[in-house]
């Protein structure tokens, strides 16, 4: 199937991956620099990790961000899965074009527009209904769910089209009601998609700076907001240490998920092969 | 069987209510699946745009929130609707805004072209890799996409600074004597956008190339077409949907980018996302910020519609 990779392509791959990874690797190396000036090497040290662990505002921001990320990922996975099901399995329904448009738009919408519009929306809500009383955890989580669910829907749609609907139709033919088909057949088969969707929503939330900056209120600093306020003035060794921890945390999380998904995929293939074997 | 045993303990009334509830979920299941996310998006995604549009037509007032009310009571009974186009007129008359919009579109387009030039051979190289290397390389492309965007921009601050890695390296090699200013220039913004948006270009290209039929290339080679000719006559046209999807996925968000021009461009590079944020946060002029957002949205509506069209088409193909 595949043909030899030409030398040109191999060189491009090497250059491309160097470009992608060298900045991150250097960032990690400099987090172990003793010197207060980030780019000036002063010998190996874990000094800045110590500084990091002693600052309470960093811990507050970490906790707030993790809390938002978990709640966001859970809700975004539920809503995104429903949206994916609606788009792939339900054929034509009223408002499908608008619905599809609203599912795609958050993927490309500049963050400043989404952020500003959600902020003025929350303020108008407060004027009309007196809610949300203050901006922070709730408003950031709602904002994150709104764009994360679109990403989850993309993953779920791909998985749904990939797995076909033979089993669902068979179950329906045998008399299972739509709700039962959904809970007994579709959802278990979707499991790998649900896992990657949840994880993607989790990391998107952990990473968002712009939208959170718009919809947050005084005193509610998420981790990206805290990092941004510090690095605007230049390089900081403690931020290198924090960045290293975040990058390794996410990388390990994603690697574990990738291994699980890869094994699942292999098992799916095996099942399909077994299903095709003639009965003995 | 134990299910029924447990079930009997529950009072009849609750059991009936539950059956009715389950029944109603069963019967309205489809409506529920569609309308739960639909409703969420209508409220939290669509409705906010109308409020931005409304505020863009309001006046700036010194109050909290800092904009005037569009619907006003005159003489206690008559409702008048006041529309103020001043904010839009202001944006069109002040050359700063026009220049910033043009500059944003320019930076986003050039970055998109560079992303394509770098991303296309990478995607093609992954496609042509062996069965073991392929998933690993793909994973290596996706990984930076999952790790923090903000921190990847920060990593470039360390590379491009006057005392940063690149300048130190060039000085120690004796190529330059004094540091070249790279951080806080337009160059830094280009590097930052290409770097952070590269996975968004590669992934749609890869998805598109995976569907390519390599027998076409072989047929062309058998008929005497050289590799370069084959590439331009067959591969490039067939990957056009991937190129368009990837380019839009880079171009649209890059136009409104805030973090990269702020951190890597400093005050020296004006982009509309940064101007909007400053209008909102520093000048606390929400009506003008809203008008800036509406104009940006209007500029991007066409590319977004094209993207949506391709997205819908590619999901029908599979």
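Summary table
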item: Failed item, numbered, when residue A:59 is tested on (1) more than 28 Å from residue B:52 (Cβ to Cβ); (2) within 8 Å of another protein chain (Cβ to nearest Cβ); result: (2)
item: Test set (1) within 13 Å of chain A (Cβ to nearest Cβ); (2) surrounded by 13 or more Cβ atoms within 10 Å (Cβ to Cβ) - residue B:132 fails condition number; result: (2)
item: Single residue of the range B:135-152 satisfying the filter (more than 7 Å from every other protein chain (Cβ to nearest Cβ) and touching a residue at least 60 places away in the same chain (Cβ under 8 Å)) that is nearest to residue A:213 (Cα to Cα); result: B:142
item: Any hit, the range B:206-224, residues being modelled with pLDDT of 85 or more, crowded, with 22+ Cβ neighbours inside 10 Å and within 10 Å of another protein chain (Cβ to nearest Cβ); result: no
item: Among the residues listed as A:243, A:158, the single one being under 27 Å from residue A:256 (Cα atoms), within 10 Å of chain B (Cβ to nearest Cβ), touching a helix residue (DSSP H, G or I) at 6+ places or on another chain (Cβ under 9 Å) and modelled with pLDDT of 90 or more; result: A:243
item: Residue A:213 being assigned to a helix (DSSP H, G or I) and closer than 18 Å to residue B:146 by Cα; result: no
item: Set B:39, B:44, B:88: member being assigned to a helix (DSSP H, G or I), surrounded by 12 or more Cβ atoms within 10 Å (Cβ to Cβ), more than 9 Å from chain A (Cβ to nearest Cβ) and at pLDDT 80 or above; result: B:88
item: Residue satisfying condition, being more than 10 Å from chain A (Cβ to nearest Cβ) and either part of a helix (DSSP H, G or I) or within 14 Å of residue A:17 (Cα to Cα) (or both), within set B:111, B:104; result: B:111
item: Those helices (runs of 4 or more DSSP H) lying entirely in the range B:182-251 with at least 2 residues under 30 Å from residue B:268 (Cα atoms) and without any contact (Cβ under 8 Å) to a residue 60 or more places away in the chain; result: B:186-210
item: Every residue from the range B:252-274 that is assigned to a loop (DSSP other than H, G, I, E, B) and farther than 16 Å from residue B:187 by Cβ; result: B:256, B:258
item: Residues that are surrounded by fewer than 21 Cβ atoms within 10 Å (Cβ to Cβ), over 18 Å from the mean Cα position of the chain (by Cα) and within 9 Å of another protein chain (Cβ to nearest Cβ), drawn from the range A:63-93; result: A:88, A:89, A:90, A:93
item: Every residue from the range B:47-68 that is surrounded by 14 or more Cβ atoms within 10 Å (Cβ to Cβ), modelled with pLDDT under 85 and either at the interface with chain A (Cβ under 9 Å from one of its Cβ atoms) or more than 25 Å from residue B:296 (Cβ to Cβ) (or both); result: B:65, B:67
item: Residue count, the range B:16-31 (criterion: touching a helix residue (DSSP H, G or I) at 6+ places or on another chain (Cβ under 7 Å) and either more than 10 Å from chain A (Cβ to nearest Cβ) or within 23 Å of residue A:75 (Cβ to Cβ) (or both)); result: 3
item: Sole exception among (1) at pLDDT 90 or above; (2) in contact with a helix residue (DSSP H, G or I) (Cβ under 8 Å, 6 or more places away or on another chain); (3) more than 25 Å from residue B:311 (Cβ to Cβ); (4) away from chain A (no Cβ under 11 Å) for residue B:171, by number; result: (2)
item: Residue tally, condition part of a loop (DSSP other than H, G, I, E, B) and either at pLDDT below 90 or within 20 Å of residue B:196 (Cα to Cα) (or both), over the range A:13-58; result: 14
item: Tally of residues being more than 8 Å from chain A (Cβ to nearest Cβ) and assigned to a loop (DSSP other than H, G, I, E, B) across the range B:153-168; result: 1
item: Members of the range A:125-155 found to be touching a helix residue (DSSP H, G or I) at 6+ places or on another chain (Cβ under 6 Å), part of a helix (DSSP H, G or I) and more than 8 Å from chain B (Cβ to nearest Cβ), listed by number; result: A:139, A:140, A:141, A:144, A:147, A:148, A:150, A:151, A:152, A:155
item: Residue match in the range A:173-196 (condition: assigned to a helix (DSSP H, G or I), more than 10 Å from every other protein chain (Cβ to nearest Cβ), over 27 Å from residue A:265 (Cα atoms) and within 20 Å of the chain's Cα centre (by Cα)); result: no
item: Count of residues meeting criterion [more than 7 Å from chain B (Cβ to nearest Cβ) and part of a loop (DSSP other than H, G, I, E, B)] in the range A:96-117; result: 1
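The values are calculated or read from the model by the stated rules, or taken from the named source; none is laboratory data. Predicted, not measured: the structure shown is a model, and the values here were computed from it. In this analysis, Cβ positions are derived from the backbone assuming ideal geometry, glycine residues included, and neighbour counts consider all displayed protein chains.
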